[in-house]
Amino acid sequence: MEAKAHIHRALQLAERGLGHVSPNPMVGALIVTPAGDVVGEGWHEGPGTPHAEVMALAAAGDRARGATAVVTLEPCNHIGRTGPCTEALIASGITSLVAATPDPNPLVNGSGFDRLRAAGLDVQVGPGAEAAKHLNRAFERHVTAGLPWVTLKMASTLDGKTAATDGTSRWISGAEARSDVQRLRAWADAVIIGSGTALADDPSLTLRDPALTHALSPLRVLVDSSGRVPPRGRLFDTAAPTLIATTERTPDRRLREWEAAGSEVLVCDAAPNGRVSLAGLMSHLGKRDVQGVLLEGGSTIAWGAVAEGVIDEVVLYVAPKLLGGADAPSVLSGQGFAPIGQALQLDLTSAEPIGPDLKVVARVHRDHRGAR
């Protein structure tokens, strides 16, 4: 059996859950006969719905007997909103399982494989592991640490500028990059911006790509430490819920205005600089089952996230343009790290053209400053 090819197909199926399975993982499954024929496919569609394995088994019917189940994640072996997938697989008569990766959830974490092996099934683990783990990186972070996976999204010119000296910034990146950002929003459970971005851009932070109409718009989180943003504009419409993270510096009058406009208000602890503690905010979001966070704010909140060590990944869209200007904004502000040996170390994971631009993805080197 071509395990890698079948895992690739199962990962494609798993991605169909983008934007509507959280707090569950994205999972895809196939049922493959000894002759190599795929007789059943499935993917998890959301909490309370059948798991991918059960969906694939239902499609296969009696043809599952003697076949192999190919899954992107270890089958569950406990009772949650649905029954254990291990028991459904055993009852179906399959004789083997190929899984990309174990389930990091402590409720599973190897017990599913153990149950299947105890029932006499041959279990192979590992094909496609890297891609499968990347797909559910936010799920893994949340179930193991109780915190969200935080992706910092930035767009700049080739010389690192995010806006011209007159403040104009639309559009630095091209249409293809902006469409890709829509997929990042679909992945995220929450999108965070700061008060400066809210005042300058009046963003909606919702999903506008027709191809993503099945996905839920993420929770919109406005970080406003002192009540600068009045309760009007697109953040305060009914297109998606809005949470405002602030501090005790905000006047009671503004707190009441935000709540009257329909927003949830969270008074957070302040960082030493008087701004909202982003580490504290991430802890709060983790407790409410937010697994993936997309940080879309400007250079001030971006630096705060870097300085507090809360980011896990950076996605940078680089436009082939030069703006210049000593006073033009760059991707990060703040005091910066010094000397250069104190810079936050990133591990480059990919760099690829996207339309006229370049998309660069890098992960924070967790042995360095900011390890969580």
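The values are calculated or read from the model by the stated rules, or taken from the named source; none is laboratory data. Just so it is clear, the model here is predicted, and its values are computed rather than measured. Backbone-built Cβ (ideal geometry, glycine too); neighbour counts: all protein chains shown.
Some points to look at:
- Residue match in the stretch 343-350 (condition: under 15 Å from Leu152 (Cβ atoms), in a loop (DSSP other than H, G, I, E, B) and of a type in the set (Val, Ile, Thr)): no
- Yes/no for Val276 being touching a residue at least 40 places away in the same chain (Cβ under 8 Å), buried (at least 23 other Cβ atoms within 10 Å of the Cβ), within 20 Å of the chain's Cα centre (by Cα) and in the same structural domain as Gly196 (by TED's automatic domain parsing): no
- Gly297 being within 17 Å of the chain's Cα centre (by Cα), part of a loop (DSSP other than H, G, I, E, B), under 23 Å from Asp202 (Cβ atoms) and not assigned by TED's automatic domain parsing to the domain that holds His20: yes
- Tallying residues that are in contact (Cβ under 8 Å) with a residue 60 or more places away in the chain and assigned to a loop (DSSP other than H, G, I, E, B) within the stretch 210-221 yields 4.
- Flag for Gly336 being surrounded by fewer than 16 Cβ atoms within 10 Å (Cβ to Cβ) and of a type outside the set (Ser, Thr, Tyr): yes
- Residue tally, condition surrounded by 15 or more Cβ atoms within 10 Å (Cβ to Cβ) and either among the β-branched types (Val, Ile, Thr) or touching a residue at least 60 places away in the same chain (Cβ under 8 Å) (or both), over the stretch 230-244: 2
- Residue among Phe139, Phe113 that alone is closer than 21 Å to Val310 by Cα and either of a type in the set (A, V, I, L, M, F, W, C) or without any contact (Cβ under 8 Å) to a residue 40 or more places away in the chain (or both): Phe139
- Residues that are basic (Lys, Arg) and either more than 19 Å from Gly304 (Cα to Cα) or assigned to a helix (DSSP H, G or I) (or both) within the stretch 237-280 comprise Arg253, Arg254, Arg256, listed in sequence order.
- Test: Glu264 is at negative phi, acidic (Asp, Glu), under 24 Å from the mean Cα position of the chain (by Cα) and surrounded by fewer than 17 Cβ atoms within 10 Å (Cβ to Cβ): yes
- From Gly355, Gly297, Gly286, Gly292, residue being in contact with a Gly (Cβ under 8 Å, 6 or more places away or on another chain), at pLDDT 95 or above, crowded, with 16+ Cβ neighbours inside 10 Å and under 24 Å from Arg178 (Cβ atoms): Gly355
- Any chance Val125 is over 30 Å from Leu316 (Cα atoms), touching a Cys at 6+ places or on another chain (Cβ under 7 Å) and either in the same structural domain as Leu295 (by TED's automatic domain parsing) or surrounded by fewer than 23 Cβ atoms within 10 Å (Cβ to Cβ) (or both): no
- The number of residues in the stretch 76-101 that are closer than 18 Å to His6 by Cβ, modelled with pLDDT of 95 or more and of a type outside the set (A, V, I, L, M) comes to 4.
- Ala302 being modelled with pLDDT of 90 or more, over 18 Å from Lys161 (Cβ atoms) and assigned to a helix (DSSP H, G or I): no
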